[in-house]
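Quick note: the coordinates plus some simple rules give every number you see, no bench work behind them. Not measured: the values here are computed from a predicted model. When we count neighbours, we look across all protein chains shown, and the Cβ atoms used for this are built from the backbone with ideal geometry, even at glycine.
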Amino acid sequence: MNAAEYGRSAPAEVLAAMSMDRLDDFARTRNASRLEEAIRLARQALAATSPGNADDGHAMSCFALMAALSSRYARHGEPADLEEAIRHGRWAQEITPDGDEAKIGILSLLTESLLDLVERNGDRETLKEAIELQRNAVRLAVQTPLLGKALSMLGRALTTWTELTGELAALEEAMATDRHLLEREPDDPHILESAANRLHDWYRITGALSALEEAVLLHRRSLGHRPDGSEYRHVVLANLGVTLQDRYEHSQRQADIDEAISRLREALATMPAGYRAQGQRLAGLAQALQTRFEHEGDRADLEEAVRLSRQAVAVTPPGHPQRGDRLTDLAHTYVGLSQATGEPVDADELIRLRQEALDLLPAGHRDRAVARSNLGDAYRFRYERSGRFSDLGRARDLCEQAMDDLADDHPHRDQCLFNAASVWRHRFDHAGDLDALGQAIDAFREAARLFPHASLRQRALVQLASALRARYDRVGDLPDLRDAITFGRECVQLVPDDHIAHNNLGNTLQAWYETTGDADVLRQAVAAGRRAVDLLPSGHHYEVMYLMNLAHSLQIQAEGMDDMTALDEAVGIIRRAAAVAARRTPLVGPFRFNVAVIMRTRFERAGDAESRLEAVAAFRETARDEATPPQMRVKAGIEWGRLELAAGDWEAGHEGLAYAVELLHSVAPRELGRKDQEHGLRTLAGLASQAAWCALRLGRPGRAMELLEQGRGVLIAQALESRASDLSELHVRDAGLAERFERLRERLNAPIPAGAQAEPKLSTAVLRERRSLVAEWNQTLAQIRGLEGLEGFGRPPSIDRLLKQATEGPIITINVSAAFGDAIILTPGGIRTVPLPALTHPWLAQRVERFATALSDITSDTAAVVRRKAAAKELSSVLADLWDTVTGPVLAGLGISAHVPGTPWPRVWWSPTGPLSTLPLHAAGHHDEYGQPDARIVLDRVVSSYIPTVYALEHARQSPLPEPCRDVLVSALTHTPGAPDLRAASRESALLERRYDDVLVLPEAEATRARVLAEIPRHPIAHFACHATTVPGDPSGSHLVLHDGPLTALEISSRHLSGLHLAYLSACSTSETDPAFADEAIHVATAFQLAGYTHVIGTLWPIADNVAPEIADLFHANLALDGQASPSGTALALHQAVHELRSRYPATPALWASHIHLGP
């Protein structure tokens, strides 16, 4: 068309028509210069009109410019083009009368542009406007051929509303309108296609298969009205292809996926050059090919999918609203290629793709949380291949933030749950975080429920079964293992050729065998492992893991059934796995560990020296591999040392065990919850003693002492690190750094808010904040230790520092090892050792059991008198054995004999290791010799105190307090809700009121948790007469029972108090140590020490209610003078009180030996 053809038209209308003509040329040729000319002509047309005057061509000019700018936006994705197009479209529709048929096209194009804007910003108000405009377009098009197109656009807008809000009514309205029109025009291809699209949308949102089947039928009918070469045939082909692909996910019919790919290929081949949805077409075909690969395994499909995904990104320019989708699709195919073929994928590029996709979405966009979750998954992917823990931390932050921001009804919530669950599972595997594993299980379960396709649901169930198995291994709840097997079998049934499902089922069945001993189940486990290996594509990166698992199952079969053939096969498989791992991944630690375990088994069963050497080398390399999870590194170090000792190499054995001790702190990082920290350390109990025993055999007592300090009381050392004594010097050197240290200390020591564990979002937020604090804490410590003279800030002391603590009396650490025991004694003159050859593990286990049984009978309310008397004799017998085997040789080695009246009492500090800490060393002796001049009784020779570690003693001595003091807080609970009455508690408080000038008594209902915590900082002496409870398996949960509930050891120890002298705990078992946590010395008494009390009086077992006031009064009578106390005499005051009480009940040590002193 040229200007002459428009000679009778107004100039603006001529220019506008010419612009539309150039736009048609662009649509045919994709010549960009034609598009730019169309925009230029439309601008000229608009300049020649008067705003608001429809008669001079203003509306037509606005429409022409809107159409041209919309086309350029579709090509380049420039937001300014879209915004200007919408502005002119709004003006055009406003001034165009309803009777003008052109208004239908203006409204539809404006609606399409508004939907493009909604795609960018997710704004509901914009979407409402689009829907109302298109409703008007439909109303105007009722009697025109444009009705089908208008309805299709309205359906798209209503579907977008449903996707954005989750409200199904909008989509139902669109479907109802389509059905009504189909009744009127059953062969209208536009109406058929609109109805098919809406039914497909309904299936995607609701999962209704009937809607999917009907959508396929309507697409086919629509295609029948679109002959080859027709304008919209390629659109219908693409829609039919995508719908068939979705049907394949349910039907698993080969014909469906093959036809889907065929239709999508034809759509791609027949669409116009430069078509605005070219990227979407390429991505759709790529997704279909990847789907077929996942089920059929033809590698060519996956390689083509990657190539097409790259093309889709290339044709979608930066800034385009769909570029994020294309980047996401490409990243998905990358991951699919890696998972399916084992080929390495550039994890850095994957992160770059995910990051760009996130950056393209503006703040507040509803899909931004999904993009953030996908970025987190990319960091997880890189962690799996690099072992960098920082990548896992970044992945966790991103996925958790995504879950916080994600709407509950978001259509991609399932995938975000799966991503977060995968990260939480890795967190557990690396750090032993049980809460993270629980989060993973809940998220996998929910993702499996939400995933619409069977293949996706199966993927979530596979991971759910694996996570349940992991929790069973940790906690031991059999229902978890049963559920894991159930889900595992379901996964194999859903996708029989899925290698992951077979591998996980084999692992779970193996665990069932280890629990039940069912040999048939073990054979099933081996068979599942073989099937997984057989199904795996050649060169897959899971090959190493599957081989390791199969080898492990064969190893168990060899051990359980004495099957050396199975062991030989396991060795062959493990060698093959190790060779593959060395070529493929830096994350070889877990694989190498399994190699070592199997070679160790072969050595132990066949005596093969070469196997031992190979096992040692593998354990050593695993221990030194920083990418390996800490718990595994420590275990590798232990096995390295033990195997070297088995060969008689003490030096090499010491090296391995000492290396493991040095890694212990990494098993219980600050960011873990206390229960997870305790669990990690519990499984490694006795390590320090074993390493120290080895050092002693090498003649290195100083090194043995350092190892015991480093490997025991790990959590105490962690707490003391935050209470560094040289803080005053830091204030002088760098006040700002000191203030930051104190601020972080206060926040890290604060207890987790109540209810955080029960509320997932609150728990996640608390843990995220804690991780941030830990990172800042570590950075601050490094900065402090970089200052000259403060290199040891907050660190456990060296042997030279340890020896300085012996100036006031010997410090005796009793080390118990598998072979025999030793006393390592720090004295002012140096370090010495006393061999204790009779102190073996069997000897000690027997005495601990005898003592506990006798104590139980003595304190029982139902035991007969005869039984109690026999128990008292048995208890005295154990105390005599303790003298003969432990304390007697130690005191003899120190040259300490009977105390001479009138001379100062010598003092000693006991630091027993392992289960020995449950026995009263201070009360050891032959008590039938009581009253004789040379009685072999510890109580008659020394004043005893206890310490968890020398480091703790050093800390307690660092801040000498002024004396005397008079302020005393007494919490006395005669009546405690839910507990038996303590009738003597009120008598105990009355006795203290007579001893001291200034006593605040909190009786009964006043002794609440909040009141006690508020008062203890104001009183240098605190005396508790109440119930206490020791919680087996959860020592930090042990507690004092106050009027309104428990005051736990964890809550007490998290306080950071100063100026406090003495806590007297007149309650049951406040110093009782759970044998499984003996090396950590976690109980209520040490909690008070960590809170800031210099001296603590605790009890090793339950105390008699009628005797408690006696010993308390005797103690305070010895400590107090003229209404004031001198707490530096605490140890002697208790010693004297116990002496006096013994004189009243000489044959019943259970009544007077329970109380002990902790402190300097």
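So the values come out like this:
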read-out: Trypsin sites (Lys or Arg not before Pro) restricted to DSSP loop in region 896-999 with at most 13 other C-beta within 10 Å; value: Arg983
read-out: Relative contact order [Cα under 8 Å, 6+ residues apart], the chain, whole percent; value: 5
read-out: DSSP beta bridges in region 1029-1160 [antiparallel fraction, %, rounded to 5]; value: 75
read-out: Over the chain: Kirkwood hydrodynamic radius from C-alpha pairwise inverse distances, Å; value: 35.2
read-out: Förster radius 45 Å - calculated FRET efficiency between Ser390 and Glu213, Cβ distance, rounded to 0.05; value: 0.35
read-out: Sum of -39500 (n - 2.57) over DSSP H runs of 4+, divided by residues of the chain (222 nm, nearest 500); value: -21000 deg cm²/dmol
read-out: Degrees between helix 168-184 axis and first principal axis of the chain (Cα, 0 to 90, nearest 10); value: 30
read-out: Region 156-190-region 986-1053 distance, computed between alpha-carbon centres (Å); value: 69
read-out: Value of relative contact order over region 962-1158, rounded to a whole percent, pairs C-alpha under 8 Å and six or more apart; value: 22
read-out: Cα gyration tensor shape of region 962-1158, rounded if a/c is under 1.5, else prolate or oblate by comparing a/b with b/c; value: rounded
read-out: Degrees between helix 650-662 axis and first principal axis of the chain (Cα, 0 to 90, nearest 10); value: 60
read-out: Zone of Arg966's modelled label, taken as backbone nitrogen in region 1118-1147 under 16 Å from a point 7 Å along Cα→Cβ; value: 1120-1127
read-out: Extension gain, Arg523 back to Asp409 (0.36 nm per residue minus Cα-Cα distance, nm); value: 36.6 nm
read-out: Alpha carbon centroid spacing (whole Å) that separates region 776-807 from region 222-263; value: 71
read-out: Whole-angstrom gap from region 1073-1103 to region 893-924, using each part's C-alpha centre; value: 19
read-out: Loop trypsin sites (Lys or Arg not before Pro), region 353-430, which have at most 16 other Cβ atoms in a 10 Å radius of their Cβ (DSSP); value: Arg388
read-out: Amide H contacts under 5 Å for Ala1063, placed H, 5+ residues apart; value: Ala1022, His1095, Val1096, Ile1097
read-out: Rounded FRET efficiency, nearest 0.05, which uses the C-beta distance separating Lys128 from Ala300 and R0 of 60 Å; value: 0.80
read-out: Region 122-224: relative contact order in percent, alpha carbon pairs under 8 Å with at least 6 residues between; value: 22
read-out: Backbone N within region 107-135 under 16 Å of label point (7 Å from Ala363 Cα along the Cβ vector); value: 121-122
read-out: Antiparallel DSSP beta bridges within the chain, as percent of all bridges there, nearest 5; value: 50
read-out: Residues whose placed amide H lies under 5 Å from that of His1027, excluding near-sequence neighbours; value: Val1041
read-out: Positive-end residue of Leu285, Ile1111, Ala420, charge dipole of the chain with Cβ unit charges; value: Ile1111
read-out: Cα gyration tensor shape for region 813-951, rounded if a/c is under 1.5, else prolate or oblate; value: oblate
read-out: Region 208-286: GluC sites (Glu not before Pro) in DSSP coil with no more than 13 other Cβ atoms inside 10 Å; value: Glu231
read-out: Shape call, region 591-654: gyration tensor on alpha carbons, a/c limit 1.5; value: oblate
read-out: Gain on full stretching of the segment that runs from Ala819 to Glu662 - 0.36 nm per residue minus C-alpha separation; value: 54.3 nm
read-out: Residues with amide H under 5 Å from that of Arg907, placed H, sequence gap 5 or more; value: Val943
read-out: Cα-based helix-to-principal-axis angle, 347-359 vs the chain, degrees rounded to 10; value: 70
